[in-house]
Amino acid sequence: MLGLQLPTDPRWVKLVQSNISEILTDHAWCEQKAATNAISIVVHNSEQEELVTDMLSLAKEELEHFEMVHNIIKEKGFVLGRERKDSYVNELAKFMQKGRGRKFSLVDRLLFSAMIEARSCERFKVLADNIDDEKLADFYRELMISEAGHYTMFLKHAKRVAPEIDVDKRWKEWLEFEAIVIQNYGKDETVHG
């Protein structure tokens, strides 16, 4: 369903389990960044009523997820660490094209967002299926479903806001680019690392 070309090696979970506090801190900050991204889309596209409505709901949901992860961090006796840089997301951002007009920029921003949600969904499934901690497995299974909904929502809006743009073609380009980028990841105890 996600269309990702390179799946995450399940052995990545063993690395994650070696440092649960790191994955949880990184995950919390990923949720915060997702909320910020949704708000940024609203700020730059306030005339898009349907998009604004969905992005406001998404921002609230992502902050709820941040709180859920923070609660797990506290329950486990950990402390939320400092914000992490997400090299994967920064590499993906370089693929967004500039100078092709406002609508194309919006479509690219939505596809960029869909890509992050798709990979997060895939990683959460790998965690849910392979982590030893049953409570975390259930938590990541629940979030996997949520991320899948976010991914499809971003794709839906990309097609709706600019029907004159071949969004399917551009999405295929994103998938091909992401397959190259993700080859460098899966070696750290972070959501995208």
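Quick note: the coordinates plus some simple rules give every number you see, no bench work behind them. Predicted, not measured: the structure shown is a model, and the values here were computed from it. Methodologically, a virtual Cβ is constructed for each residue, glycine included, from the backbone with ideal geometry; neighbour enumeration extends over all protein chains shown.
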**Fill in**
When (1) of a type in the set (G, A, S); (2) in a helix (DSSP H, G or I); (3) touching a residue at least 60 places away in the same chain (Cβ under 8 Å); (4) under 23 Å from E178 (Cβ atoms) are applied to G3, the one that fails is (2)
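Can you go through E142, E122, E176, E147 and tell me which one is assigned to a helix (DSSP H, G or I), touching a residue at least 24 places away in the same chain (Cβ under 8 Å), surrounded by fewer than 19 Cβ atoms within 10 Å (Cβ to Cβ) and among the charged types (D, E, K, R)? Spell out the reasoning first.
On the way: E142 fails: touching a residue at least 24 places away in the same chain (Cβ under 8 Å); E122 fails: surrounded by fewer than 19 Cβ atoms within 10 Å (Cβ to Cβ); E147 fails: surrounded by fewer than 19 Cβ atoms within 10 Å (Cβ to Cβ).
After applying the criteria, what remains is E176.
Kindly provide the set of residues from the range 179-193 that are surrounded by fewer than 18 Cβ atoms within 10 Å (Cβ to Cβ) and assigned to a helix (DSSP H, G or I), ordered by number. I'd like the intermediate steps shown before the answer.
Narrowing the range 179-193 to residues surrounded by fewer than 18 Cβ atoms within 10 Å (Cβ to Cβ): 179-180, 183-184, 187.
Answer for the range 179-193, where residues must be surrounded by fewer than 18 Cβ atoms within 10 Å (Cβ to Cβ) and assigned to a helix (DSSP H, G or I): A179, I180.
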**Item:** Close pairs from the range 75-96: first assigned to a loop (DSSP other than H, G, I, E, B), partner among the acidic types (D, E), Cβ under 7 Å, at least 6 apart
**Value:** R84/D26; M96/D108
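Output the number of residues of the range 13-31 satisfying the condition of being assigned to a helix (DSSP H, G or I) and either surrounded by fewer than 17 Cβ atoms within 10 Å (Cβ to Cβ) or aliphatic (A, V, I, L, M) (or both).
Looking only at that region, the number is 10.
Would you pick out the residues in the range 150-165 that are among the small types (G, A, S) and either touching a Lys or Arg at 6+ places or on another chain (Cβ under 6 Å) or not in a helix (DSSP H, G or I) (or both)?
Restricting attention to the range 150-165, the residues satisfying the condition of being among the small types (G, A, S) are 158, 162.
Within the range 150-165, A162 is the sole residue that qualifies.
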**Fill in**
Condition set more than 17 Å from R102 (Cβ to Cβ) and of a type outside the set (A, V, I, L, M), scope the range 154-165, selection surrounded by the most Cβ atoms within 10 Å (Cβ to Cβ): answer is F154
**Message:** If I ask for residues that are without any contact (Cβ under 8 Å) to a residue 12 or more places away in the chain and over 30 Å from I131 (Cα atoms), which ones from the range 7-43 would you list?
**Reply:** S40, V43
**Message:** Let me confirm something: among D166, D108, which residue is of a type in the set (D, E) and farther than 29 Å from K187 by Cβ?
**Reply:** D166
**Prompt:** Any residue at all in the range 52-59 that is surrounded by fewer than 19 Cβ atoms within 10 Å (Cβ to Cβ) and assigned to a loop (DSSP other than H, G, I, E, B)?
**Reply:** no
**Message:** Going through K103, K135 one at a time, which residue ends up being over 30 Å from V52 (Cβ atoms), part of a helix (DSSP H, G or I) and not small (G, A, S)?
**Reply:** K135
